[in-house]
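As structure tokens, the structure follows; a few thoughts come after it.
The values are calculated or read from the model by the stated rules, or taken from the named source; none is laboratory data. All figures in this text were calculated on a predicted structure; none of them were measured in a lab. With ideal geometry, Cβ positions are generated from the backbone for all residues, glycine too; neighbour counts draw on all protein chains shown. We work out accessible area using only protein heavy atoms, side chains counted, and drop any ligands, DNA or RNA first. Shrake-Rupley method; radii C 1.70, N 1.55, O 1.52, S 1.80 Å.
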Amino acid sequence: MPKRHELQARIFQALGHPIRVAIVEILGEGEVCVCEIARRIGAERSNVSRHLAVMLQAGVLHSRKDGLQVFYSLRTPCVLEFLGCATRVVSRRVEEDARALSG
């Protein structure tokens with residue numbers, strides 16, 4: 001199996017948690033500090049930091065330290081296109097299920 005497939009699978013794994021998806025959506029708006037991410041998703045900073053570390057390791061995010069704060073941004077903004085595609089898949093599935101139930 002090509003190494004490329006393994007690396008691609010790591011990206012999917014890194015995005016494979018609802019909190020991480022929420023983080024990516026927030027970062028789609030621009031660079032944000034970990035404290036703001038935690039506040040916006042209603043999670044503990046330590047939990048958010050663990051999720052950010054997974055995405056950093058996979059190469060999805062970039063981090064920058066400014067004093068005591070760490071700011072995060074999308075290293076690969078095209079990840080938002082993937083999330084948009086996933087949303088379309090979910091919408092189609094919901095529509096098909098609704099038609100099946102009504103028919």
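Suppose each label sits 7 Å from its Cα in the direction of the beta carbon; what would the residue 44-residue 82 distance come out to in nanometres?
Placing both labels 7 Å along Cα→Cβ, they lie 2.8 nm apart.
Give me the dipole magnitude in Debye, nearest 20, for the chain about the Cα centre, with unit charges on the beta carbon: positive for Lys and Arg, negative for Asp and Glu.
Details: 15 positive and 11 negative charges, 61 e Å.
Charge dipole of the chain: 300 debye, to the nearest 20.
So if the hydrodynamic radius of the stretch 27-81 is defined as the Kirkwood radius over C-alpha pairs, what does Stokes-Einstein give as its diffusion coefficient at 10 °C and 1.306 mPa s, in µm² per second?
Estimated via Stokes-Einstein, D reaches 140 µm²/s.
Hey, what D do you get for the stretch 6-98 in µm²/s if you plug the Kirkwood alpha-carbon radius into Stokes-Einstein at 37 °C and 0.692 mPa s?
237
Please give, to one decimal in nm, the separation of the simple spin-label points placed at residue 10 and residue 102, each 7 Å out from Cα toward the Cβ.
Spacing of the two 7 Å Cα→Cβ label points: 4.6 nm.
So which GluC sites (Glu not before Pro) in the stretch 7-72 end up in coil per DSSP with only 14 or fewer other C-beta atoms within 10 Å?
On the way: sites: 25, 29, 31, 36, 44; in loops: 29, 31, 44.
Of the GluC sites (Glu not before Pro), the ones in loops of the stretch 7-72 whose Cβ has at most 14 other Cβ atoms within 10 Å are 29, 31, 44.
Helix-only estimate, please: 222 nm mean residue ellipticity of the chain, summing -39500 (n - 2.57) across DSSP H runs of length 4 or more and dividing by its residues, to the nearest 500.
Here the helix-only value at 222 nm equals -21000 deg cm²/dmol.
Could you give each residue of the stretch 34-44 its phi-based ³J(HN,Hα) in whole Hz, using Karplus coefficients 6.51, -1.76, 1.60 with θ = phi - 60°, and x for Gly or Pro?
3J(HN,Hα) across the stretch 34-44, in whole Hz: 4, 5, 6, 4, 4, 5, 5, 9, x, 10, 5.
Could you give the accessible area per residue of the stretch 42-103, probe 1.4 Å, as a whole number in Å²?
72
Roll a 1.4 angstrom probe over the protein heavy atoms and tell me the percent of accessible area of the chain that is carbon or sulfur.
55
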